[in-house]
Amino acid sequence: MAIIGNEVEKAKQALEQGDLVGIPTETVYGLAANAFNPEAVARIFDAKNRPSFDPLIVHVANKKAARELVLNMPADAIKLAKKFWPGPLTLLLPKKDIIPDLVTSGMANVAIRIPNHPLTLTLLSELRFPLVAPSANPFGYISPTTASHVNAQLGDVVKYILDGGPCTVGVESTIVGFPSEGPTIYRTGGISQEDIETEIGKVRVNKYSSSNPQAPGMLKSHYAPRTQVVLGEIETLLEKFKWKNVGILHFNASHKKSADKQCVSLALSTRGDLSEAAQNLFSHLRALDAMDLDIIIAETVPDTGIGKAINDRLRRAAAE
Ligand code: TXA
Ligand code: MG
């Protein structure tokens, strides 16, 4: 198991030695390494069992550091960075040669973001290199939103976990790219489509595709717990699976349960608040996944704002 603590200095030393460190961000915990050290980067792919065709996000302390890694920034990217950085927004920008090809899986664009977490911002500003940090979970499993989630699954491969408390956003960053067809959301996330469109006008939303992933994290089976997840109307699913050991993931649990049998039931937000629901999503899925259930039945949430990212993660958790 790793050492868990809140000492930026310890995280810094481990990273300088080429080791892997768990870092807090506002979205989910990351598994961090020196982005300029190909060996350390390779260790991340190994540790996560991640295919090498799935590129990594580079995390920097400020906009100046971001600029140093890219050839140029389109006007819309500048607007978005100004409004949402530091924050749950990742921009795809043409990379300079200093970024190892392994980081971008050979692609011409690098994914960059400035995370909004005080400990990690301090860490980044004290390092002489940026950090690659995928979510700190084995490939295909639910992302971690606490230091102990990281320790439970990757404790053996990280040197240190910087504990910054539970993540306040709870779903990953929104990924935006700027192909010739116009600004495009490649992954819904912590910044809503509506908020992005307020800044730069209408954007395209790339639907995930498992056969030809644009951003390979768009693979359908991402974010899946081990237990089978079925999405739909709770009452109907309870009836359908009445002979099974079922766990329920409600949005706000405001409706009555018609089934008379007792089953575990968690609500994402009893007051029906989408931000709170996002914060709870991955930890509730993990909790249910640890209960030895036959099936987890879940309902989607209102499809607005961060609700779109929640529904996207629920659909992927339920994908075969
Ligand atoms: O909120 C987040 O973004 C978290 C925290 C730790 O920052 N990180 C995260 O990383 O979610 P990861 O590796 O789990 O997901 C990164 C996604 C993947 O879907 C990957 O395919 C995509 O970003 N991506 C990374 N670099 C890319 C690139 N150059 N072009 C297209 N997609 C890219
Ligand atoms: Mg991930």
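The values are calculated or read from the model by the stated rules, or taken from the named source; none is laboratory data. Remember, it's a predicted structure, so these values are computed and weren't measured experimentally. Positions of Cβ are backbone-derived with ideal geometry, glycine not excepted, and every protein chain shown enters the neighbour counts. Surface areas here come from the heavy atoms of the whole protein model, side chains and all, with no ligands, DNA or RNA. Shrake-Rupley method; radii C 1.70, N 1.55, O 1.52, S 1.80 Å.
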Every residue in region 264-320 that is open to solvent by 50 Å² or more (accessible area, probe 1.4 Å), of a type in the set (K, R) and within 18 Å of G247 (Cα to Cα), please. R315
If we scan region 227-244, do we find a residue that is open to solvent by less than 30 Å² (accessible area, probe 1.4 Å), within 16 Å of ligand 2 (Cβ to nearest atom) and modelled with pLDDT under 95? no
Given (1) within 16 Å of ligand 2 (Cβ to nearest atom); (2) surrounded by 22 or more Cβ atoms within 10 Å (Cβ to Cβ); (3) over 25 Å from E194 (Cα atoms), V21 misses just (1)
Based on what the data block shows, is E39 touching a Lys or Arg at 6+ places or on another chain (Cβ under 9 Å) and open to solvent by 70 Å² or more (accessible area, probe 1.4 Å)? no
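I'd like to check something: does region 52-62 contain any residue that is of a type in the set (A, V, I, L, M, F, W, C), away from ligand 2 (no atom under 16 Å from the Cβ) and surrounded by fewer than 19 Cβ atoms within 10 Å (Cβ to Cβ)?
Within region 52-62, the subset of a type in the set (A, V, I, L, M, F, W, C) is 53, 56-58, 60-61.
Now restrict to residues that are away from ligand 2 (no atom under 16 Å from the Cβ): 60-61.
Of the ones still in play, those that are also surrounded by fewer than 19 Cβ atoms within 10 Å (Cβ to Cβ) are none.
Looking for residues that are of a type in the set (A, V, I, L, M, F, W, C), away from ligand 2 (no atom under 16 Å from the Cβ) and surrounded by fewer than 19 Cβ atoms within 10 Å (Cβ to Cβ), one finds none in region 52-62, hence no.
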What's the number of the only condition in (1) closer than 30 Å to E181 by Cβ; (2) part of a loop (DSSP other than H, G, I, E, B) that K79 fails to meet? (2)
Out of K256, K207, sole residue that is assigned to a loop (DSSP other than H, G, I, E, B), modelled with pLDDT under 65 and away from ligand 2 (no atom under 16 Å from the Cβ): K256
So which residues in region 161-204 are in a loop (DSSP other than H, G, I, E, B), open to solvent by 20 Å² or more (accessible area, probe 1.4 Å) and hydroxyl-bearing (S, T, Y)? T168, S180, T188
Scope region 94-109; condition open to solvent by less than 20 Å² (accessible area, probe 1.4 Å) and touching a Pro at 6+ places or on another chain (Cβ under 8 Å); matching residues: V103, T104
D97 out of contact with any helix residue (DSSP H, G or I) (no Cβ under 7 Å at 6 or more places or on another chain), under 23 Å from D19 (Cβ atoms) and more than 16 Å from ligand 2 (Cβ to nearest atom): no
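Which of the following residues is within 16 Å of ligand 2 (Cβ to nearest atom), hydroxyl-bearing (S, T, Y) and outside any loop (DSSP other than H, G, I, E, B): T122, T90? Before you say what the answer is, go through the steps one by one.
Numbers: T122 fails: within 16 Å of ligand 2 (Cβ to nearest atom).
Testing whether each residue is within 16 Å of ligand 2 (Cβ to nearest atom), hydroxyl-bearing (S, T, Y) and outside any loop (DSSP other than H, G, I, E, B) leaves just T90.
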For the subset of region 125-136 comprising residues that are crowded, with 24+ Cβ neighbours inside 10 Å and not in a strand (DSSP E or B), which member is nearest to ligand 1 (Cβ to nearest atom)? A133
I need every pair where a residue in region 21-40 that is within 21 Å of S52 (Cβ to Cβ) and free of Cβ contacts under 8 Å to residues at least 60 places away in the same chain has its Cβ under 8 Å from the Cβ of a residue that is within 16 Å of ligand 2 (Cβ to nearest atom) and open to solvent by 10 Å² or more (accessible area, probe 1.4 Å), sequence separation at least 6 or different chains. none
Go through (1) aliphatic (A, V, I, L, M); (2) within 15 Å of ligand 1 (Cβ to nearest atom); (3) surrounded by fewer than 18 Cβ atoms within 10 Å (Cβ to Cβ) for I78 and report which single condition fails. (2)
Output the residue which, of all residues in region 139-155 that are assigned to a loop (DSSP other than H, G, I, E, B) and open to solvent by 30 Å² or more (accessible area, probe 1.4 Å), is farthest from V229 (Cα to Cα). T146
For V158, all conditions in the list (1) within 27 Å of A277 (Cα to Cα); (2) surrounded by 20 or more Cβ atoms within 10 Å (Cβ to Cβ); (3) at pLDDT 95 or above hold save one; what is the number of the exception? (1)
Filter pass, G190 being modelled with pLDDT of 95 or more, closer than 30 Å to K79 by Cα and under 21 Å from the mean Cα position of the chain (by Cα): yes
